[in-house]
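In what follows, a structure is listed as structure tokens, so that the remarks can point back to it.
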């Protein structure tokens, strides 16, 4: 029964995962986060980790370790940030989020050549976006300016590595991971704006909703990844 639930070719896991995500959002809205969200957020990430372990490509052990470490670190970070009003918890969660993203950067690396001309517009757009967000929340950052700057820089770096998978992996995997980056950045921007600038509509559900979608799409995109053979020059 469990094998069927975690089978990537069947819909049971998707239904279960997003049901737990929905329950977590309800807990966020209507219940005390301690202890309920520690349970729901942990369950969500544990399900995702088991789903990954049941379906990953066992021929690529090095990249497997990076993915597993990333998921474990994201789990730790997502639990630590529940009590984000506590500055120590917030810093610890940021550190784990940064480390998790670095693990995904290693996971998405490839040895294929790429054209600088194709990367420049993406870099320019990402840089302008990052500067725009930082300028918006700058006054509220205070002592957190450097940690938040590093955090957003690593996020941009992760997006670049995801973008550079183009031509190295199958289109479906590439697109899913890139869409996941959009949801992840959106979640982080909303979190940053609501924390350091001003409240936003639907902020209580949008951060976790977009984060949960992003994590699922990243893992699913990795699991269906097929490397494209290099052409002989």
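Observations, loosely collected:
- Among all residues of the stretch 178-196, there is none that is more than 23 Å from residue 81 (Cβ to Cβ), surrounded by 20 or more Cβ atoms within 10 Å (Cβ to Cβ) and in contact with a strand residue (DSSP E or B) (Cβ under 9 Å, 6 or more places away or on another chain).
- Count of the stretch 141-177 residues which are in contact with a strand residue (DSSP E or B) (Cβ under 9 Å, 6 or more places away or on another chain) and surrounded by 17 or more Cβ atoms within 10 Å (Cβ to Cβ): 4
- Candidates in the stretch 99-118 are the residues that are loosely packed, with under 14 Cβ neighbours inside 10 Å and assigned to a helix (DSSP H, G or I); of these, the one that is nearest to the chain's Cα centre (by Cα) is 118.
- Residue list for the stretch 23-32, filter: surrounded by 14 or more Cβ atoms within 10 Å (Cβ to Cβ) and either touching a residue at least 40 places away in the same chain (Cβ under 8 Å) or closer than 19 Å to residue 72 by Cα (or both): 24, 25, 28
- Residue within the stretch 49-69 that is out of contact with any strand residue (DSSP E or B) (no Cβ under 9 Å at 6 or more places or on another chain), within 13 Å of residue 216 (Cα to Cα) and surrounded by fewer than 19 Cβ atoms within 10 Å (Cβ to Cβ) present: yes
- Flag for residue 20 being touching a residue at least 40 places away in the same chain (Cβ under 8 Å) and either in a helix (DSSP H, G or I) or over 29 Å from residue 109 (Cα atoms) (or both): no
- Any pair with Cβ under 8 angstrom, 6 or more apart, that starts in the stretch 200-216 at a residue that is without any contact (Cβ under 8 Å) to a residue 60 or more places away in the chain and ends at one that is surrounded by 14 or more Cβ atoms within 10 Å (Cβ to Cβ) and assigned to a loop (DSSP other than H, G, I, E, B): 206/200
- Selection from the stretch 167-181 of residues that are more than 20 Å from residue 98 (Cα to Cα) and in contact with a helix residue (DSSP H, G or I) (Cβ under 6 Å, 6 or more places away or on another chain): 173, 176
- Test: residue in the stretch 70-83 that is surrounded by fewer than 18 Cβ atoms within 10 Å (Cβ to Cβ), at pLDDT below 90 and in a helix (DSSP H, G or I): yes
The values are calculated or read from the model by the stated rules, or taken from the named source; none is laboratory data. A quick note: this is a predicted structure, and the numbers were derived from the prediction, not measured. All Cβ positions, glycine included, derive from the backbone under ideal geometry; neighbour counts span all protein chains shown.
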